[in-house]
Amino acid sequence: MLTKDLLRVSRAGGGYRPQFVGRESRPLAARVIGVFQGHVGEPRHRLDDALASLEAEADDFKLVRGFAALLDREATFETSAPLPPRRARRAAFEAAERAGVPTTPDERTAVLDAAADRLGSDAAAVESSLYADREVNEVLTAFDARWSAEDLLARSGRPFDRPEEWDRSDGVDVSPDNLLRLYNVSLAQTALFDATEVRVRCSDPRTLVTAVKRLRLMYEVRTDDDGWVVVVTGPDSLFRNTRRYGTMFARLLRTVAKMTEWELTAAIDDRGTERTMTLSDDDPIDVLGPESVAEMRFDSGVEADFAARFGSVDLDWDLVREPEPLAVGASVMIPDFAFDYKFGEFRVFFEIMGFWTPEYVEKKLEQLESVGDVEMLVAVDESLGVSEDIEARDHRAIPYSGSVRLKDVRDALRRYEDELTAAAASGLPDELRPAADAISLEELAAERGVSEDALEDVAFPEHRRVGRTLVRPAVLDDVAERLEPGLSYRDAEETMADWDISDVGSVLSALGYEVAWEGLGGGTLRSKG
């Protein structure tokens, strides 16, 4: 972004249109780049003077300042002095205090000589160091523009009109074309700073919604005959139009402009007058630099914390981030998560409702009331006081404070598990005869596409249930013949591995053995009791 004083817009016809630059401004961009390149090794005040001279010659001084502001971010300025400036000033001021305030050149020279003697240097070094750390005296030590021709081609995929015109300096590609493109993006971002509402149609609305959520902007998705419209609103009457929110609008443009097709319409508060700004993929807005914010994973610490803790436990559900949109009348909503049951096609949506404005909360409640025939859990910040309203909309409310308790979510999901397990069990035969001599209930449940709990009431006439494993009695007899007291636990494991039995402890117990553990050296079998 640029600072607002560098914003260049046209208000012709009551509109609001950024004054983008094209190839006609390329010579000026090249001259500004040249000024920076030509002042490497010189103090900032000389660079500023050169830029001021260029401003006086140019048709639009704001354009020169805009280019310079962007290039200044690529410049490195450092203090260059023979002595630490603070030490030089202290020595000079103390010498002046002892000798009296100097009023003549000779008296000033005497003060500098006294300070130099104290610092073990000379008067010239003291004098050149006194104010070397002031910003205007900092030296431009490096100017490494990051917009190389290769970089831009790799990022945008669009060739320049005349690549042979790129300027080169010290082996680093420095392209005025890149500066023009960066300027146009920054200009559009600055224009969006005072937006109160942004409407976007684009070729990838899912990515856009993801970016909006990451930036924690208030939004809704509407549908019409032409598809999705993502409406992003600014702070309402209860909030000041903060710099942070305006900056988030500007960052959102980076995601929008990376799409193939898009159109953005913004309501702009232009010093109390509402104006409309429209931008589209036809405008010269090509994003340079890092990837868009849509690639950030979570839009709140509450969501990130919940996802991390959910992933650390073994449940019968897979967590899905931002599942498919749900129809809510003429709009859609994209829940924060969904839980997919591992043993069947069943999905429970999950929304985390943090604190926003009362209007936003009311809009969210309206969405929950209008959402289609789906199962929905809603974790709601206790400070909102709307848990009963959510329950009244036939959704399960899970109050939270600070973070969503995993136990509360697990308990809510268990209600579905009981129903799903009962349904799966009703589809199983009363008896099952697995072909394997030994098979775990987990493996058998996976083969049948059910949970282990669904097998609880099934009979296994040809197998004996030992712990969580089914074993043919003949196999148990063969295992028993190869076991004896004093046998190492490791040998017992290897014996059972011949029949793919992994639940060694349960089988040993069923055959009347226990293990006498001997520290870190392993254990041996002995008869129980």
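The values are calculated or read from the model by the stated rules, or taken from the named source; none is laboratory data. None of these values were measured; they are calculated from a predicted model. Note: ideal-geometry Cβ built from the backbone for every residue, glycine included; neighbour counts use all protein chains shown.
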Single residue of Arg26, Arg31, Arg46 found to be surrounded by 13 or more Cβ atoms within 10 Å (Cβ to Cβ), at pLDDT below 95 and touching a His at 6+ places or on another chain (Cβ under 9 Å): Arg46
Any hit, the range 231-242, residues being at pLDDT below 80 and either of a type in the set (Phe, Trp, Tyr) or in the same structural domain as Asp336 (by TED's automatic domain parsing) (or both): yes
Residue among Asp269, Asp283 that is surrounded by 13 or more Cβ atoms within 10 Å (Cβ to Cβ), at pLDDT 90 or above and out of contact with any Lys or Arg (no Cβ under 7 Å at 6 or more places or on another chain): Asp283
Of residues in the range 209-225 being of a type outside the set (Val, Ile, Thr) and in contact with a strand residue (DSSP E or B) (Cβ under 7 Å, 6 or more places away or on another chain), the one farthest from Gly301 (Cα to Cα): Arg222
Scan of the range 63-79 for residues that are in contact with a helix residue (DSSP H, G or I) (Cβ under 7 Å, 6 or more places away or on another chain) and within 15 Å of Arg31 (Cα to Cα), ordered by number: Leu63, Val64, Arg65, Gly66, Phe67, Ala68, Ala69, Leu70, Leu71
Qualifying residue in the range 213-224 (condition: modelled with pLDDT of 85 or more, assigned by TED's automatic domain parsing to the domain that holds Thr255, over 30 Å from Pro43 (Cβ atoms) and aliphatic (A, V, I, L, M)): no
Every residue from the range 179-208 that is assigned to a helix (DSSP H, G or I) and touching a strand residue (DSSP E or B) at 6+ places or on another chain (Cβ under 7 Å): Leu187, Ala188, Ala191, Leu192, Pro205, Leu208
Subset of the range 113-152 [at pLDDT 85 or above, part of a helix (DSSP H, G or I) and of a type in the set (A, V, I, L, M, F, W, C)]: Ala114, Ala116, Leu119, Ala123, Ala124, Ala125, Val126, Val136
Any chance Arg44 is out of contact with any Pro (no Cβ under 7 Å at 6 or more places or on another chain), basic (Lys, Arg) and within 15 Å of Phe143 (Cα to Cα): yes
Criterion (part of a helix (DSSP H, G or I), of a type in the set (Gly, Ala, Ser), touching a strand residue (DSSP E or B) at 6+ places or on another chain (Cβ under 8 Å) and under 30 Å from Phe193 (Cα atoms)) met by exactly one of Ala69, Ala52, Ala56, Ala30: Ala30
Which numbered condition Asp72 misses (of (1) touching a Lys or Arg at 6+ places or on another chain (Cβ under 8 Å); (2) within 23 Å of Tyr131 (Cβ to Cβ); (3) of a type in the set (Asp, Glu)): (1)
Selected residue (criterion: modelled with the highest pLDDT) from residues of the range 251-266 that are basic (Lys, Arg) and closer than 24 Å to Gly15 by Cα: Arg254
